[in-house]
Amino acid sequence: MNTLLEVKNLKVRYGNIEALHGISFDVKEGEIVTLIGANGAGKSTTLMSICRLPPPEAPRVTEGDILYKGQSLLNMPPHKVVSDLDMALVPEGRRIFGNLTVEENLKLATYARTDGHEAIHRDYERVYQLFPRLAERKKQRSESLSGGEQQMLALGRAIMTKCGFLMLDEPSMGLAPLLMYDMFRTLRELNQSGLTILLIEQNANLALRFAHRGYVLDTGEIVAHGTSEELLADPEVKKAYLGG
Amino acid sequence: MQKHVATIAIFAGIILLVLCAQFHILDQYYISVLMFMGVNVILASSLNLVNGYMGEFSCGHGGFMCVGAYVSSICTVLMFSKNHILGAPLLPPQFAFIGFPLALVAGSAASSVAGLVVAIPSFKTRGDYLAIITLAANYIVISAINNMEIIGGPRGFMGMSATERAMQSMLDIPWVLIFVLLGTVFTVWLLRRFVSSTLGKGVPAICQDEIAAEIMSVDTNRMKLIAFMLSSGLAGLAGGLYAQVLGYVNPQSFDIMRSTEVMVMVYLGGMGSLSGAAIAAILYTVLMEALRFLDVWKWVVIPLLLILLMQFRPEGIMGNKELSDLFPKLRKYYSFK
Amino acid sequence: MSLLEIKGLTRRFGGLIAVNDFNIELGERELVALIGPNGAGKTTVFNLISGFYQPSEGSIRLKGKDTKGLRPHQVTGLGVARTFQGIRLWSEMHVLDNIRIAQHYRLGYSLVDCFLRTKNYMLREKAIDDIAWELLEAMGLKDCAYELPRNLPYGVQRRVEIARAMSVKPSLLLLDEPAAGLNSADVEGLIKLVRWIHDTFPVTIWMIEHQMKVVMSLCSRIKVVDFGTTIADGNPEEIQKNHAVIKAYLGDDTI
Amino acid sequence: MITGGGPIPEVPARFVLRRGLARTHPRRKAVPRHAARKHHFKAKVPLVEIFQNILNALQFGSFYALIALGYTLVYGVLRLINFAHGDIFMVGAYLAYFVAVTLLGIGGLNLGLHMDPGLALAITVPVTMILTALVGVTLERTAYRPLRRKGADRLYVVITALMAGLVLENGNLALLGASRKRFPDMIDKVIWNLHGVTVTNLKVIVIVASILVFLLLQFIVTKTKIGMAMRGISYDKFAIPLMGIPLDTIIVVTFVLGSAMAGLAGILFAMSYPILEPYMGALIGWKAFIAAVVGGIGDIRGAIVGGFLLGFIEIGVVAVFPSTLRDLFAFSVLLIILWLRPTGIFGVAQTTKI
Amino acid sequence: MKRMTVKILFAVLALSLGAFALIGCGKDSDTIKVGFNLELTGDIPKVGEASKFAAEMLKEDINSKGGLEVGGKKYKLEFIYQDNEAKAESAVNAALKLINQDGVVAIVGPNSSKQAIPAGATCNDNQVVMVTPWSTNPDTTKDRPWVFRACFLDPFQGPVAVNFAAKQFGAKTAAVIFDIANDYSKGLAEIFKTEWEKKSGAGTVVGFESHGTKDQDFSAQLTKIIAAKPDFIFIPDDYNQVALIVKQAHDLGYKGPFMGSDAWGSAELMTLCGKDCIGQFFSTHYAAAGAQGATKEFIDRFNAKYKYVPDDVAALTWDATRLVLQAIQGAGKVDKDIKTERKLVRDALANIKEFAGITGNMKFAGTGDPQKCAVVVQISPEGKFEFKESVCPE
């Protein structure tokens, strides 16, 4: 398996505060990897650093490197990360464009795609097939969708950017159990058809059940890593992150 | 005792300035700049309540100042001056000491009421839409005064200097300066007391999260009413003092340009910082005078300076901090409770 | 007399029916959960109770008093406090101020008192302060009294929000997804906190929550809604077995 | 029916006769002043006057609309009230002036070009639009973008915009002196007289241009991907790069569009009101901003409707009431509109989920 | 880091305050300082600019001849210009700065009444002579022994226009369009209306419409006026607005004559207005075309130097400054003490009973207001302002 993403000794600052103190991890092609940890441990920061989001939201990388397929991302503007590489991020809180319709949201995601009408059309089909609810609500302002539908849209949007590597930031937040399980099943399906996934999740139990491998982040440092089974069995991890 | 150091220092400062003016240690020009500085401090700190603490974008402060200026001018002229329309003075000059502050109060009260024009729509209308309402209010006030022949319309209104003469006929000291300084201290004192109370903290609560404020028991409508009326009332006080300093008012002095100036002072000082607003008002007035020699270029240089300042300190001079936050030692010397 | 009595509550937004004929009766010191799929109208019910929306039909009675037409701060005055789905603290003011401001409805002094710092003002402010400190102490937040909420960890922010709601001294506390965004360890703490509140204060707690662990371990009664209407109402065991609930809400947990 | 140029147009007699309608106007009678004014309120305004005023309102409303479009475009994307926009409009008018004078071979910069006015106009329009767009983009790059990057409060950007406007105004004054400029006549004025209602060809051009610009922008914003990206930014700037969209490029495009429209408005304005002065953009800028907000800021339809509405209100107030009360009444009407519709005519209240 | 910035800012603030306090000039006994309080920026920059140009020209004139001779000794002139931004409070500050910081003997300006009234009060209180070239509002000089002016007043100009129009156009009805926010324009419009109705009967002013200062569109007002069919339209407005108003009236099909006031009298009028203004009349202080003697010389030199024909503000500033200089000479000596000197200048100025200005002869009757003739000019096809009639006060 090829290494897709490699984060090397990444140090990141927000203003005067160092948020990550040199973390290293990697994601291999076809894997599902999860980062778990307490709030403020630096999980979202890691994702934002990888996506090179512009100021003021973005953290500043002071040391280390992020490699994607062997290519460093540090000097890439954020939109290039998405348009030139096949990465996508489903941000925390979904961040869909509420003033656009469902269809427009999806269309917007194809902004930078150059691989032809045909391929784009196929992806539309795929999204609507994965989420029939979105097809029903094509013309609706996406603001009026329920939380679950919005999450579907956010995921659909990521698919529309033509991604092979998907990062998800707390996808289960605020979702009813039924929808949450549905979504994870869909993600699993996508993974089986070749999508690599990096998942951040508060619900560590769930995340480890879903992922192949996991890293545990604590106040900006990786304190444990291993396969999901290993982590689930680790008494320390169990105590600190999985609850009694 | 230590707690009162600041208070004593302030009043000592006032007395010192008055003495300087009295014995011509500072010439008229500096005194005049000082008085406009005071007026600007009142304006900036009162607008800061709405634009800074409440986070609304009121750009019609000049209108409220105008109402205060006219109403208090009319009162003083009625009382102490001979005017071809309003007739002979109603009161003998001895009453000027009481009459003048009362006229200022009347002006403030009137502009407070004018503040309702903005305060009531603010219950429903917010943000940039409210900004337009304030702007419209400013235009309406000026247009109304332009149409009021009895107070001079666009010609302006004068005769206020009689009040000063009346006061000086009793005791020859720079009365207007004293009133301006007292007015400035009063404004800062009043606002300071308001924003440091739990009641007053409802205002920034509305700014930071109106829905949370509403649901967590803050009567938002009442707070908006208080904030707008207090702010416009103090603007009226500034207007009354301004009219007295100048001895002449003209509706064009209170147009959008004036409102813009006050806004610049507020944002220059930092939103939600009382000391920031005061410092910015002082700095701005000084800049205005100090750069006079640039003639036409002055108005290119000043905005450029401000743009540059914004680039380096995008939150204004003080951000939302007070002087006492930056120099905690100061806290020893005064108390708010 | 029951604490809260909702009858035939309906709320429409344009053509959309968000809440349809919702009924519930809550007694003193109950601990109830409201669950249901996303978009089922749960938060809307809370918004209707707290006076943020006015009902299209039906009535809400608090301690026998109809809340129709009351503005949110007046409803709070009747003893209803709540938290929000996303944390809505006043982020630029420190924790202590956050808790002080929530006591606005019982300030008991006027603007003039405030300017003149009268005796009344001093007494009232002191009372507000005392309550705030008491709560902070009791909820273990004393050390962060002068911190800005945004500098606090998420879990602590939740606590502060609950503390703020408790400073209202409510008889009905509405918690809107209190466990959302908390990690497993924080969730444990939350469960303990809610239980402590319920044991210590004479308050009825009503929560919306998706994490079954929280709901099942805390609540004695669970009401399930979908598309604005109630599909089940009962104790945790009953709900977990209810087919309609499984079908519409709980789902199949294989992933 | 069509009569050619000349400063004082000849009007065919048969049409002049129709204007005799007004001769029965009560104000002509020798009645005491106050009575006359009273009468004036009740007087039925003749039809000719009404149509004439509708045209007047359409013309001036067009300018409000054109400038309001620029405001709303930038606002719609960045939530930034670009207070410098009125002054960009002024700069547009001046640029048009310099381009036009150079092409026509009159005035200071004489390159020996003596173009035909029609050709000159055809060149002036695009050149001015491009140059004005450059001014707008420069402003964005130097003043707004650094602030945006620093995450400054929105209102600081607004104040920066105000200051930038002042720099443009006074920089112009300092550089070019206080003399006003007269914009050269670029097209032969034609005055049509229809039953006493006069229309110049310029008026028609202005009205048509503003509607075309509106349709063009409406198309761009609603139908194209760039337009969608613009609307997307206004809702959530953060997520835009995640779609592979270059945020800064879209913002620049917005400024290009908005400023180019201001440039176009500048040309048309300079042709209709051929006197240029440094402060010409200030008042019309403020009013166009008001128009944009009343229409519902951020919405293209709002800008055009707001612009025309303001035109109609202003002209209507003057037509019906004594003109001294114009500002008083016009702004009261606007205030009431905003009170009743707190988000303007087309504006949608930002729904806050709680 | 942030703290540092704040401290630096404070340092800058303190420094600028200090620097501000230190601004001030050394005094040189061989020069005489005259202050100018002008509208160099703000609403009417052209007015301030014209004043400044005229003053500069006069200064060079005198200084090139070695200076102003007072009591047998030649003194160099120093003119100090302060911008009042066309704002009232700035005008007061400018006046105070001139008086206290620059130590001027007398002040010329401000031009516009909005600034001249408060600045006049300031000068009067501080006992410094102020001569306003252009402020026609009666309040400027009223009860102010230290304030003078070089122009006639509105109540005089109004009837001039009325009588001339009635005679020239044979008009029975008139319409007025004016600037409501401009006290000059509004005042004159009202005086005109009263006078016209006194002459032709009530209700003969068939249109009385206003606009705002920076308005550019007057179509609604003009539509209303044209519908009322007046015999002529009186426009007491600034020349830049005149250009637009006349043009728009023509666009709306108006073919009758216009009558204007002294504010038309700018060289720029014809550049701005072009063909539309040809043949129109206005009352003013002087007629540039066909001027004789000193007036012509002034016009030609000004034109050569600044590339445009001076307008009335320039001419009036010239006269106002010369009035001041004559008074300085009339004082007979330059006193070391600035206060005494100012008093001497005032007394000398008050003693001037007659003054031959380039804008006509002025007679002062002790009020500070001159009695002088107005002229009515017609705009010739070449765009020159040709003398038509002179009207003098009885």
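The values are calculated or read from the model by the stated rules, or taken from the named source; none is laboratory data. Fair warning: this is a prediction, and the values are worked out from it, not measured in the lab. Ideal geometry is used to build each Cβ from the backbone, glycine not excepted, and the neighbour counts take in all protein chains shown. Quick note on the areas: whole protein, heavy atoms, side chains included, nothing else; ligands and nucleic acids left out. Shrake-Rupley method; radii C 1.70, N 1.55, O 1.52, S 1.80 Å.
Residue by residue through D:271-284, how many Cβ atoms from other chains fall within 10 Å of the Cβ on average?
On the way: counts 0, 6, 8, 6, 12, 2, 8, 2, 7, 3, 1, 4, 7, 4.
Counting other chains' Cβ atoms within 10 Å and averaging over D:271-284 gives 5.
Out of all DSSP beta bridges with both ends in chain A, state the antiparallel percent to the nearest 5.
60 percent
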Count the lysine pairs in the stretch B:2-333 that are 8 or more places apart or on different chains: how many have C-alpha atoms under 22 angstrom apart? 9
With no solvent and one point on each alpha carbon, what is the Debye value of log10 I(q)/I(0) for chain A at q = 0.14, 0.15 Å⁻¹? -0.93, -1.07
Considering only B:4, B:139, B:168, whose Cα is most displaced toward the positive end of the charge dipole of the stretch B:2-333, charges sitting on Cβ of Lys, Arg (+1) and Asp, Glu (-1)? B:4
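Taking both sides together, what accessible area is buried at the B/D interface, probe 1.4 Å, expressed in Å² and rounded to the nearest 100? Walk me through the numbers on the way to the answer.
On the way: alone 16460 and 18660 Å², together 31040 Å².
Chain pair B/D: roughly 4100 Å² of buried accessible area.
Among DSSP beta bridges lying fully in the protein assembly as shown, give the percent that are antiparallel, nearest 5. Mind showing how you got there, number by number?
Values: 74 of 140 bridges.
Counting only bridges with both partners in the protein assembly as shown, antiparallel ones make up about 55 percent.
Holding the Cα-Cα limit at 23 Å, pick out from E:186/E:255; D:189/E:388; A:8/A:239; E:73/E:307; E:33/E:65 the pairs that are longer than that.
Values: E:186/E:255 25 Å; D:189/E:388 32 Å; A:8/A:239 28 Å; E:73/E:307 35 Å; E:33/E:65 17 Å.
As for pairs spanning more than 23 Å Cα to Cα, those are E:186/E:255; D:189/E:388; A:8/A:239; E:73/E:307.
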Given Cα pairs under 8 Å that are at least 6 residues apart, what percent is the relative contact order of chain E? 16 percent
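Report the relative contact order of the stretch E:154-284, percent, no decimals, based on alpha-carbon pairs under 8 angstrom and at least 6 residues apart.
26 percent.
Going from most exposed to least, what order do B:175, C:133, C:206 have by accessible area with a 1.4 Å probe?
Details: B:175 35, C:133 70, C:206 0 Å².
If we order B:175, C:133, C:206 from most to least accessible, we get C:133, B:175, C:206.
On average, how many beta carbons from a partner chain sit within 10 Å of the beta carbon of a residue in E:178-187?
On the way: counts 2, 1, 11, 10, 3, 9, 2, 1, 6, 3.
Shielding by partners across E:178-187 averages 5.
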Label-reachable residues, the stretch E:339-368, where backbone N falls under 17 Å from a point 7 Å from residue E:333's Cα toward its Cβ: E:339-348
Distance in Å, no decimals, from the C-alpha centre of the stretch B:242-277 to the one of the stretch E:238-289 is 38 Å
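Sort E:351-357, D:276-282 for me by packing, meaning the mean count of neighbouring Cβ atoms within 10 Å per residue, highest on top. Can you show the working numbers first?
Values: E:351-357: 14.4, D:276-282: 24.9.
Highest mean packing first, the order is D:276-282, E:351-357.
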Cα→Cβ-extended label distance, 7 Å offset, between residue A:230 and residue A:84, nm: 3.5 nm
Figure the gain on full extension for residue C:120 and residue C:91 (residue separation times 0.36 nm, minus the Cα-Cα span) and round it to one decimal in nm. 7.5 nm
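Would you list the membrane-span-like helices of chain C, meaning whole DSSP H runs whose alpha-carbon atoms span at least 27 Å along their axis and whose mean Kyte-Doolittle value is at least -0.5? Mind dumping the intermediate values first?
Working: long enough: C:119-138 (28 Å, -0.39).
Those that clear 27 Å and a mean of -0.5 are C:119-138.
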Dimensions in Å of the protein assembly as shown - Rg and Dmax from alpha carbons: 36.5, 118
DSSP H helices in chain B with Cα extent of 18 Å or more along the helix axis and mean Kyte-Doolittle hydropathy at least 1.0? B:5-22, B:28-47, B:61-80, B:96-119, B:127-146, B:175-196, B:256-269, B:274-290, B:298-312
Alpha carbon centre of the stretch D:228-253 versus the stretch D:52-111: separation in Å? 26 Å
Order A:52, A:13, most accessible first, counting only protein heavy atoms with a 1.4 angstrom probe. A:13, A:52
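Set the Förster radius R0 to 25 Å, insert the Cβ-Cβ distance between residue D:340 and residue D:51 as r into 1/(1 + (r/R0)^6), and round the FRET efficiency to 0.05. Present the calculation step by step, with values, prior to reporting the outcome.
On the way: r = 29 Å, r/R0 = 1.17.
Efficiency, rounded to the nearest 0.05: 0.30.
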Mind ordering A:63-70, C:208-215 by average Cβ neighbours within 10 Å, highest first? C:208-215, A:63-70
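To the nearest hundred square angstrom, how large is the accessible surface buried between A and D, total for both chains, probe 1.4 angstrom? Don't jump to the answer; show the numbers that get you there.
Working: alone 11920 and 18660 Å², together 27890 Å².
In total, this chain pair buries about 2700 Å².
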Counting pairs of alpha carbon atoms under 8 Å apart in space and at least six apart in sequence, what relative contact order in percent does the stretch A:87-163 give? 55 percent
Can you put B:211, B:15 in order of accessible area, largest first, using a 1.4 Å probe? B:15, B:211
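Report, as an integer, the average count of C-beta atoms from other chains found within 10 Å of each Cβ along C:86-95.
Values: counts 5, 2, 10, 5, 12, 2, 9, 6, 0, 0.
Average per residue, whole number: 5.
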If Lys and Arg each add +1 and Asp and Glu each add -1, what is the summed charge of the other residues whose beta carbon sits under 13 Å from the beta carbon of residue C:54? +2
Express the carbon and sulfur contribution to the solvent-accessible surface of the stretch B:2-333 as a percent, rounded to the nearest whole number, probe 1.4 angstrom. 73 percent
Quick one: if you stick a label point 7 Å off each Cα along the C-beta vector at residue C:28 and residue A:21, how many nm between them? 5.2 nm
Using the beta-carbon distance between residue E:194 and residue E:30 and R0 = 45 Å, what value does 1/(1 + (r/R0)^6) give for FRET efficiency, to the nearest 0.05? 0.30
Under the rule of at least 5 residues apart or a separate chain, name every residue whose amide H is placed under 5 Å from the amide H of residue C:226. C:231
Identify all aspartates and glutamates with a Cα-Cα distance to residue E:167 below 17 Å; exclude those on the same chain that are fewer than 8 residues away in sequence. E:195, E:197, E:231, E:389
Roughly how many whole Å is it from the C-alpha centroid of the stretch D:280-351 to that of the stretch A:104-124? 40 Å
Determine which lysines satisfy two conditions relative to residue E:353: a Cα distance under 22 Å, and not lying fewer than 8 residues away in the same chain. E:142, E:333, E:343, E:363, E:372
Among C:107-119, A:143-155, the order from most to least packed when residues are scored by Cβ within 10 Å on average: A:143-155, C:107-119
Residue C:200-residue A:67 pseudo-label distance in nm [points 7 Å out on the Cα-to-Cβ vector]: 5.4 nm
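For the stretch C:158-255, what number of Lys pairs, 8 or more residues apart or on separate chains, have alpha-carbon atoms under 17 Å from each other?
Working: C:192/C:213; C:213/C:223; C:213/C:241; C:223/C:241; C:223/C:247.
Count of close lysine pairs: 5.
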Can you list which of the DSSP-assigned H helices in chain E have a Cα extent of 24 Å or more along the long axis and an average Kyte-Doolittle score of at least 1.0? E:2-22
Just tell me which aspartates and glutamates come within less than 13 Å, Cα to Cα, of residue E:247; anything on the same chain fewer than 8 places away is out. D:185, E:217, E:276
